[in-house]
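The values are calculated or read from the model by the stated rules, or taken from the named source; none is laboratory data. Values in this document were obtained by computation on a predicted structure and should not be read as measured data. Cβ placement follows ideal geometry from the backbone for every residue including glycine, while neighbour counts extend to all protein chains displayed.
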Amino acid sequence: MGQVINGMDLDKLEAFRSALKENPVILGLKARGVWEGHSGRSTVHIGPYKLGEESIDRDTRHYTIPYGAWREVEETVGFVGPTDRVEPVEMALGAVAACLINSIALNAPRHDIYLEGLENEVHSDIDPSVLFEVKGPESHASCMPKITTEVKVKGDISDEQLREIEKLVHYSPVHGMVEFANTTETRVTRI
């Protein structure tokens, strides 16, 4: 085993990075949402994925996540039987937060940055007018005008290293999904 930092073998990491230059690896990821028959509530299933051409499916990779809203919002909207559930935008912000941590922690040792601790907070104020068709889809940007992220790093970190960490934020795929325009394609069919 090579040099291990923060639970990662840096020699294997470098070998993987070198291999990516010659033979890019594509991860085939998906999530399946199912309406629960109650407006505003769904269950999302995450499971099998592809690593290149290899399909990977094992029981420990099957996750079920109930989505909805918060009791106070459900009561205000008029839901019968209000409850507390994770809200989809919160999960998206959580995904940004998790991926930023991964992007920084994965790449910091390669830049001789040794972390003692790392945390972040991702925040946005949301106007739900588009969701309720009060405003059109072209108003998404004005209804969620800014997402802010604050990254806090613990350790003997220089100003130059802080600037490097700030660059690493932009290598996060989930942050990129939010930061840069993506091509999306939607089809609607019958079950």
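Laid out as a table, the results:
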read-out	value
Of residues in segment 50-88 being acidic (Asp, Glu) and touching a residue at least 12 places away in the same chain (Cβ under 8 Å), the one nearest to ARG190 (Cα to Cα)	GLU87
Any hit, segment 71-80, residues being outside the structural domain of GLY94 (by TED's automatic domain parsing), of a type in the set (Asp, Glu), surrounded by 11 or more Cβ atoms within 10 Å (Cβ to Cβ) and not in a loop (DSSP other than H, G, I, E, B)	yes
ASP112 among the acidic types (Asp, Glu), in contact with a helix residue (DSSP H, G or I) (Cβ under 9 Å, 6 or more places away or on another chain) and closer than 20 Å to LEU13 by Cα	yes
Counted residues, segment 81-109 - those being part of a helix (DSSP H, G or I) and under 17 Å from the mean Cα position of the chain (by Cα)	19
All positions within segment 11-24 that are of a type outside the set (Gly, Ala, Ser) and loosely packed, with under 11 Cβ neighbours inside 10 Å	LEU20, LYS21, GLU22, ASN23, PRO24
Neighbours by Cβ (under 6 Å, 6+ apart or cross-chain): first from segment 126-142, in contact (Cβ under 8 Å) with a residue 24 or more places away in the chain; second assigned to a helix (DSSP H, G or I)	ILE126/VAL89
Matching entry among VAL122, VAL151 (being assigned to a strand (DSSP E or B), farther than 27 Å from ALA15 by Cβ, in contact with a helix residue (DSSP H, G or I) (Cβ under 6 Å, 6 or more places away or on another chain) and not assigned by TED's automatic domain parsing to the domain that holds ASP9)	VAL122
Exclusive hit being small (Gly, Ala, Ser), surrounded by 11 or more Cβ atoms within 10 Å (Cβ to Cβ), closer than 30 Å to GLU133 by Cβ and free of Cβ contacts under 8 Å to residues at least 60 places away in the same chain, set GLY28, GLY33, GLY47, GLY37	GLY33
Residue selected from segment 164-191 under the condition at pLDDT below 85 and β-branched (Val, Ile, Thr), by the criterion farthest from SER124 (Cα to Cα)	ILE191
Residues within segment 2-46 that are among the aliphatic types (A, V, I, L, M) and closer than 22 Å to THR83 by Cβ, tallied	4
Matching residues, segment 36-51, being at pLDDT 90 or above and under 22 Å from the mean Cα position of the chain (by Cα)	ARG41, SER42, THR43, VAL44, HIS45, ILE46, GLY47, PRO48, TYR49, LYS50, LEU51
